[in-house]
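Read the structure below first, then the notes.
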Amino acid sequence: QLMESGGGSVQAGGSLTLSCAASGDTFSTYCMGWVRQAPGKEREEVASIASDGKTTYANSVEGRFTISMNNAKNILYLQMNSLTPEDTAMYYCAADCFGYADFGHWGQGTQVTVSS
C-alpha cells in the first residue's frame, strides 16, 4: 500500500514536500515515481527513481523538484520548490514501473494547489 501526505495550498514561488509511505512490501527494490494529473489534462510523470537510485524528471519540473527515497523507512519524497500555478494537480505516488506514467501500484493521491 502507498499513502501520500504533504499536499496543500501554497502561493506561487513557495515550496511543498510530498511524502509517500509504503507498507506491505519492500519497495526499495522497485522503481517508484510521482505522477500528477490536473483536471482536463493528461497524466504526467513528474519524477521517478530507480532501484539503483537513478532519477528522472519531467522537463516541466527539472531543477525545481527533487525525488528521493528513504529505503530504511520505505518513504518516498518529492521536494517541490518554486511552485507555479501550472503545478496545481492531484499528485500520486506510484511503484513498480511498467512505462511512462504506468505503474503497478498507486496511492490515493494528494492535492497540490498553487495560487498566483
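The values are calculated or read from the model by the stated rules, or taken from the named source; none is laboratory data. Quick caveat: nothing in here was measured; it's all calculated off a predicted structure. Note that each Cβ is placed from the backbone with ideal geometry, even for glycine, and that neighbours are counted across all protein chains shown. Side chains are part of the model used for accessible areas, which takes the heavy atoms of the whole protein and leaves out ligands, DNA and RNA. Shrake-Rupley method; radii C 1.70, N 1.55, O 1.52, S 1.80 Å.
Tell me which residues, restricted to the stretch 60-78, are over 19 Å from residue 112 (Cα atoms) and outside any strand (DSSP E or B).
71, 72, 73, 74
Kindly check whether there is at least one residue in the stretch 96-109 that is in a strand (DSSP E or B) and either in contact with a Pro (Cβ under 9 Å, 6 or more places away or on another chain) or closer than 16 Å to residue 16 by Cα (or both).
no
Check whether at least one residue in the stretch 26-34 is at pLDDT 95 or above and open to solvent by less than 50 Å² (accessible area, probe 1.4 Å), and report yes or no. Full working, then the answer.
From the stretch 26-34, those at pLDDT 95 or above are 33-34; that's our starting set.
Subset that is open to solvent by less than 50 Å² (accessible area, probe 1.4 Å): 33-34.
Looking through the stretch 26-34, at least one residue is at pLDDT 95 or above and open to solvent by less than 50 Å² (accessible area, probe 1.4 Å).
Within the set of pairs 6 or more residues apart or between chains, which connect a residue that is crowded, with 17+ Cβ neighbours inside 10 Å inside the stretch 1-12 to a residue that is assigned to a loop (DSSP other than H, G, I, E, B) with Cβ atoms less than 9 Å apart?
2/23; 2/107; 2/108; 4/107; 4/108; 4/109; 7/109; 10/83
Residues being within 22 Å of residue 11 (Cα to Cα), open to solvent by 40 Å² or more (accessible area, probe 1.4 Å), more than 11 Å from the chain's Cα centre (by Cα) and free of Cβ contacts under 8 Å to residues at least 60 places away in the same chain: count how many of those fall in the stretch 56-87.
Total satisfying the criteria: 6.
Which is part of a loop (DSSP other than H, G, I, E, B), within 14 Å of residue 90 (Cα to Cα) and not hydrophobic (A, V, I, L, M, F, W, C), of 40, 53?
When all the criteria are applied, what remains is 40.
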